[in-house]
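> Take this structure first; my questions come after.
Readers should treat all values here as calculations from the given coordinates under stated rules, not as data from a laboratory. Everything numeric here is computed off the predicted structure, so don't read it as measured data. Ideal geometry is used to build each Cβ from the backbone, glycine not excepted, and the neighbour counts take in all protein chains shown.
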Amino acid sequence: MCPRSIAKLVLLSGAAVAAPALARTTISPYLEVDQSVFAPLSGGNEVIATTTVAAGIDASITGNRTQAQIDLRVQRDFGEYRGASKAVTASGLARVDYQLVPHTLSVDVGGIATRTRTDIRGNALTTNNDNFTNLSQTYSAYAGPTLTTHAGQLAANASYRAGYTKVESTTPSALPTGQPTLNTFDSSVTQIAQASVGMKTGVLPFGWTVSGAYAQDDASQLDQRLVQKHVRGDVILPLTPTVAAVGGAGYEQVKASERSALLDANNNPIIDANGRYQTDPTTPRLPYYDVSGLYWDAGVLYRPTSHTSIEARVGRRYNSWSYTGSLSSALSDATSVQIGVYDEIDTFGSQLNNGVAALPTSFTSVQNPFSGQYGGCVFGGASGGSGGCLASALQSTSSEVYRSRGVTGVFSSHHGAWSYGIAAGYSRRNYLTPGSGVGSTLNGVSDQSAFAQAYFSRKLTPQSEFDTNLYANWFKSGILGAPTVTSFGASGTYARSFGNHLSGSASLGIFSADEQGVQEAVSASALLGLRYRF
């Protein structure tokens, strides 16, 4: 959580938290068998048939103390023709919030399992076709307590979160001649501790908060470490009943360091079978990014209603100008929108872990019916909330520290038999690497990505429904000569239940991946599936 988010929790504290109207628990394990066919329309010459056997569980809990949703699926693909996938993959998303002491002490747990783009410079069609590589199995999970309390007019918050992210052995894409091989992410442990105390507007003519945080990310590759710590003060000064001036200033230190790679007899780095550099534990830790000093930001907060908030800030941070902002609005009980503009120093592990922690505890799963994987965004469930996106974190499994800047927007709505959502965003990574050595390839390089995703679902009868999923992605690496990659996809699924336990589905899809300088790969897909719920 960024410093301004801590401040907002205190400055706007005191708002009522509505308890769920109805306690409900649903736990539904299942077994599923699917038959898929993948036909290349361009960029391939072989039709592939694949049988998939999957086991999973869908669970949701809505109660006075517990808000949770867990979707987990493990599948095994059996290819019937040469070139078909024969892999075991896992996909899942979980968010749990348990109130140990209502409105005072809670425990938050979350996690994700998905396949991730390995290298931003390559294609990654997320179907069961092994002809398209550049995908890595990725896991990320976290847990930690949050304390919220009051002492008279003072509001206090404190939290701690520990997380772990792991990327299994990767299959990088074939790169154009002359493109360098990059170190790939392995695993990391992320820890964040933060606390704040303040007073809301009303006791004084302004609200105020003093906050502090410590974050550390320890990665296995080259024993890399990123440490961020800060202390700051924030104020909110009402100008009108709906407009307030906001601002804050403080001191922070951001420091990244790593050890040297093991070298062979010719002083070349030793690389394992997964494309990762090996760490030389005898070498000292070498700092390569160290920024410390005062930083500040100021802006305006507009709250026309209790359900809508718009904030924009500009300031100086990381030795340059920094722009952040947010918009959140509950247009109705079932319709909401959220937009965020961010600027942070991150790693792949910390950005993915923080992204999962920011997702709602009730969400609509939007998955590729042919691979079972998430499309990068989830949308709010029927109980409200807009949702959230992990697409910026999942653009590639980079092993380096980077400055992450961008914007993400999510819209979600449920009306009667209809449910739909739209998300889009842009992200830019400025890599912060040593000026020399094995990590210097990305020194001064900036990667960019953009995405859009949409889903539409319609309940046709009490036993049947139809949904459509659409996505588009654009990836551009700043490495000289690297190709630009674009991808598009659309799928539609009709599902029907036969009694309380058995259901069937039929899906059609078309997917495209276009790597600059390489023939565009387009694939049409069809699926028939049968699921038994216990």
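> Considering the dipole of region 3-533 built from charges on the beta carbon (Lys and Arg +1, Asp and Glu -1) around the Cα centre, which of GLN373, SER413, PHE38 is farthest to its positive end?
With unit charges placed on the Cβ atoms, the residue in question is SER413.
> Skipping prolines and chain starts, which residues have an amide H placed within reach, meaning under 5 Å, of the one on PHE185, given they are 5 or more residues away or on another chain?
Those lying under 5 Å, H to H, from PHE185 are SER399.
> Quick one: compute the contact order of the chain, relative version, from alpha carbon pairs under 8 angstrom and 6+ residues apart, as a percent.
Relative contact order, the chain: 13 percent.
> Also: With a Förster radius of 35 Å, plug the Cβ-Cβ distance of THR181 and ALA358 into 1/(1 + (r/R0)^6) and report the FRET value to the nearest 0.05.
Given R0 = 35 Å and the Cβ-Cβ separation, E is 0.60.
> What ranking, highest mean first, results for peptides 517-527, 108-118, 422-432 when packing means the other Cβ atoms within 10 Å averaged over each residue?
Highest-to-lowest ranking by the protection proxy: 108-118, 422-432, 517-527.
> While we're looking at this one, here's another question. Rounded to the nearest 20 Debye, what is the dipole magnitude of region 3-533 about its Cα centre when Lys and Arg each give +1 and Asp and Glu each give -1 at the C-beta? Mind showing how you got there, number by number?
On the way: 36 positive and 36 negative charges, 227 e Å.
In debye, rounded to 20, region 3-533 gives about 1080.
> For LYS229, give me every one of the aspartates and glutamates with a C-alpha distance below 16 angstrom, ignoring sequence neighbours fewer than eight places off in its own chain.
The qualifying aspartates and glutamates are ASP217, ASP218, GLU252, ASP290, ASP343, GLU344, ASP346.
> Okay, next question. Could you tell me which of LEU204, TYR164, GLY492 has its Cα farthest along the dipole of the chain towards the positive end, charges placed at Cβ (Lys, Arg +1; Asp, Glu -1), taken about the Cα centre?
LEU204
> Would you please state which residues of region 103-118 a label at VAL203 would reach in this model, taking the label point 7 Å out along Cα→Cβ and a backbone N cut-off of under 19 Å?
104
> What aspartates and glutamates sit close enough to LYS200 to cross-link, taking a C-alpha to C-alpha distance under 18 Å and skipping anything fewer than 8 places away on the same chain?
ASP234, GLU311
> In sequence order, what are the phi-derived ³J(HN,Hα) couplings for region 503-520 according to the Karplus relation 6.51 cos²θ - 1.76 cosθ + 1.60 with θ = phi - 60°, rounded to whole Hz, with x for glycine and proline?
8, x, 8, 9, 10, 10, x, 9, 9, 9, 9, 10, 9, 3, x, 10, 4, 4
> Here's a follow-up. For THR51 and ALA156, what does the FRET efficiency come to when R0 = 56 Å and r is the distance between their Cβ atoms, rounded to the nearest 0.05?
Computed FRET efficiency for THR51 and ALA156 comes out at 0.50.
> So if each residue of separation counts as 0.36 nm, and I subtract the Cα-Cα distance between HIS307 and LEU480, what length gain in nm does that give?
57.6 nm
> In addition: Sort 213-221, 240-248 by packing, meaning the average of other beta carbons within 10 Å per residue, with the highest value first.
Packing proxy ranking, top to bottom: 213-221, 240-248.
> To the nearest 0.05, what FRET efficiency results for THR104 and ALA245 with a Förster distance of 30 Å applied to their C-beta separation?
Once the sixth-power term is evaluated, E becomes 0.45.
> So, by mean Cβ neighbours within 10 angstrom, what's the order for 48-59, 340-351 with the highest one leading? List each step's numbers first, then the result.
Values: 48-59: 17.8, 340-351: 23.5.
Order by mean packing, descending: 340-351, 48-59.
> Further question: At 0.36 nm per residue, minus the direct Cα-Cα distance, what do THR461 and GLN216 gain on full extension? Give it in nm, one decimal, please.
83.1 nm
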